[in-house]
Amino acid sequence: MASKTLQWLSLVGIIWLQSVNGTNSNFPAYSSQLKQLLSMSQVQLNNLAFASDAGKLFGFFPGIAALYFPLWLVLLIGSFLGLAGYGLQYLFITDQISSLSYAHIFLLTVLAGNSICWINTVCYVVTIQNFPSDRQVAVGLTTSYQGLSAKIYTALVDSFTFSPVKRAKAYLLLNSLLPLLVSVMSALFVRDVNVGTGHNMKVGFVAMFVLTVATGIYAVVSSFGSVSSRLPPLGNAIGISVFLLAPLAIPMAEKMKEKFLNGEMKVYIEENVGDHVERIESGIKAEDDQTREDDGVCVEEIGAMLMLKRVNFWLYFFVYLSGATLGLVYLNNLGQIAESRGNSGTSSLVSLSSSFGFFGRLMPSLLEFNLSRSRYMKSRPACIAALMAPMAGAFFLLLSTANISLYISTAIIGVCTGAITSISVSTTTELFGTKNFSVNHNVVVANIPVGSFIFGYSAALFYRREASEDGKCMGMECYRNTFIIWGSLCLLGTFLALVLHARLRKFYSHT
C-alpha cells in the first residue's frame, strides 16, 4: 500500500492538469480577433466553437484507451493531440504555414477539443481510484480547477502582450504548449497508487479546501475592473501561479509527518498523544464508513449500450443539454455578445465567468464533504434543478439594456454551469455505476457538441439576420430571441431534472 504522500501528490498533479486543460474556455477571449484574422462570418466562427465541442463526440476513445493502456500514455496522447490541433493553427496565423483552408482549421479544432477528453479521462480515473472513500469530494475539488483555465490563460497573455492581434496568437501558442508541459511534469505521479481504503483524509481535505477557496477569492477579486486595472499584469500572473503551487504544501507536510513518525520521536508520540489521535480517528473512521456506504449506492452497474436503453439516461441527457451545455454555449459566444452590446471588456468578462465557474464547480464538493458526515441523502437531480432555475432567470435578465445585467448574468451562468458540470460526474456514477464510468460519462457529455451546434448555430442565424452589410450586428436585437429561447429551454430542463429526481426517489424508497 502506498503512502499518503503519493496519494496527495497525485491529487496535486490532477489539479495542475485540470487548471490548464480547459483550453476551449478561453475561446471567447480571442474569438473576435480570430474572426478578423481569418476573415470569417459569424456562422463560420460559431462553427469553430462547435468544432471544439465536437471533439467530445469521440470522447469514448480515451475511455476505452484507459481500460487497456497505461494512464501516463493516455495522458501524453491527449497532450500531443492538443499540441497538433492548436499548434498548427498557431503556425498558420503567424504565416509559417500557408496552405490551411477553413476545413483544415475546423478539423484541427475538433482534434484540439478531443485532446481535452483524454486528459479529463485520466484525471477522473486516477481520482476515483486513489480516493475510493472520498471520490465524489476529490473529483469535485479537482474538477473545479478546470473552471480557472480561462482566468489562468488570460492572466498569462495579459502579462506579455496587449495587441489585440497578438493576443489571438498568444492564446493559441499557450493552448498548444502548456497542457503538454504540465502533462510531462505530472505523468510520473498521476497514476493509481494502490491506497486501499484505510486512510483518513479529513485533515488533508480541510486544508485543500482552504487553499482552493483562497485561490478562488483571489481569482474573483482580481477579475474586477477596479482591481485588475491597478494590479500589474505580470503580478497577476505570478499571483495565480503561487496559488496553484500552494497545494504542494499538503504532500510535503505529509512527507515530513511520515519521516517524523518513523524517527526517534515515534515512541514519545505514541505514549503521549496516541490516545488522543486514536479517539479522533475512531470517530472519523465511523464517519468514513458511512461515507463509503453512501458512495457505493448506485441505481445499477451497467455499460454504455445498456445505458442508452434506459429512460433515466435520456432524462439526464436532456437535463445536461438544457443546463450545463447551454451555459457553455453562452460562454463560447460571450465575446460576440459583449461586442454586440458595445462592451469592450471581453477579457474581464471571460475572467469573471471563469472565476465564478471555479466556485460553481467547487460548491458541490464542499457540500458533499460536509453532508457525507451526516446521514442526509443527497438528491443530485434536485440540486441540478435548483441550479437551472436561476440560470433561466439570468438569460431573461440579459434582455435588460443595463451594462451591469451582462456582468450579473455572466456570473450566475458561470456559477451554475460549473456546479452542474461538477455534480454530473457523481450523477453518472449514481445512475450507472463506477465500473464503466470512463466510457459512460464520455457518452453523456457527447450532448455538448450536439447542443453547441444546435444552440450556437441558431444564435448565429439570429445574429446574421440582424447584422448590417459588413456582417456585424450591434444592439440588443442581435441576441434578444436567442436569450428568450435559452431561458425557456432552461426552465424545461428544470422540470426534467425534477422528473428524474422523482424517479430516483421512488427507486430508493423500494430498496
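A few points about this structure:
- Sub-6 Å Cβ pairs linking a first residue in region 131-152 that is farther than 17 Å from Thr215 by Cβ to a second residue that is among the hydroxyl-bearing types (Ser, Thr, Tyr) and not in a helix (DSSP H, G or I), at least 6 apart or interchain, are Pro132/Thr197; Ser133/Thr197, ordered by first then second residue.
- Gly59 meets all of the listed conditions (1) modelled with pLDDT of 90 or more; (2) more than 22 Å from Ala338 (Cβ to Cβ); (3) not hydrophobic (A, V, I, L, M, F, W, C) but one, namely (1).
- Among the candidates Leu500, Leu491, residue that is under 29 Å from Cys383 (Cα atoms) and crowded, with 21+ Cβ neighbours inside 10 Å: Leu500
- Helices (runs of 4 or more DSSP H) enclosed by region 192-287 - at least 2 residues per element that are open to solvent by 60 Å² or more (accessible area, probe 1.4 Å) and modelled with pLDDT under 85: 202-221, 249-261, 266-272
- Candidate set from region 96-114 (those that are among the small types (Gly, Ala, Ser) and open to solvent by less than 10 Å² (accessible area, probe 1.4 Å)); member that is farthest from the chain's Cα centre (by Cα): Ala112
- Positions within region 18-55 being outside any helix (DSSP H, G or I) and open to solvent by 10 Å² or more (accessible area, probe 1.4 Å), in sequence order: Leu38, Ser39, Met40, Ser41
- Some residue of region 451-471 being within 30 Å of Thr121 (Cβ to Cβ) and among the acidic types (Asp, Glu): no
- Residue pairs meeting the criteria (Cβ under 9 Å; at least 6 apart or on separate chains; first open to solvent by 10 Å² or more (accessible area, probe 1.4 Å), in region 117-129; second acidic (Asp, Glu)): Val125/Asp192; Gln129/Asp192
- His510 satisfies every condition listed in (1) at positive phi; (2) over 24 Å from the mean Cα position of the chain (by Cα); (3) of a type outside the set (Asp, Glu) except (1).
- Residues of region 56-83 that are outside any helix (DSSP H, G or I) and out of contact with any Ser or Thr (no Cβ under 8 Å at 6 or more places or on another chain): Phe69, Pro70.
- In the set (1) over 19 Å from the mean Cα position of the chain (by Cα); (2) more than 21 Å from Ala219 (Cβ to Cβ); (3) surrounded by fewer than 24 Cβ atoms within 10 Å (Cβ to Cβ), Ala168 fails one condition alone, (3).
- Exclusive hit being surrounded by fewer than 23 Cβ atoms within 10 Å (Cβ to Cβ), under 26 Å from Gly335 (Cβ atoms) and among the β-branched types (Val, Ile, Thr), set Ile448, Ile454, Ile420: Ile454
- Cβ-Cβ under 6 Å pairs, at least 6 apart or on other chains, region 79-102 side more than 15 Å from Ser39 (Cβ to Cβ), far side outside any helix (DSSP H, G or I): Leu91/Ile97
- Just one residue in the set Leu349, Leu308, Leu328 is buried (at least 20 other Cβ atoms within 10 Å of the Cβ), modelled with pLDDT of 85 or more and of a type outside the set (Ser, Thr, Tyr); that residue is Leu328.
- Of the listed requirements (1) surrounded by fewer than 24 Cβ atoms within 10 Å (Cβ to Cβ); (2) of a type in the set (Ser, Thr, Tyr); (3) farther than 30 Å from Ser3 by Cβ, Ser133 misses just one: (3).
The values are calculated or read from the model by the stated rules, or taken from the named source; none is laboratory data. Predicted model only: the values in this text are computed from it and were never measured. Positions of Cβ are backbone-derived with ideal geometry, glycine not excepted, and every protein chain shown enters the neighbour counts. Surface accessibility is based on the protein's heavy atoms, side chains included, excluding ligands, DNA and RNA. Shrake-Rupley method; radii C 1.70, N 1.55, O 1.52, S 1.80 Å.
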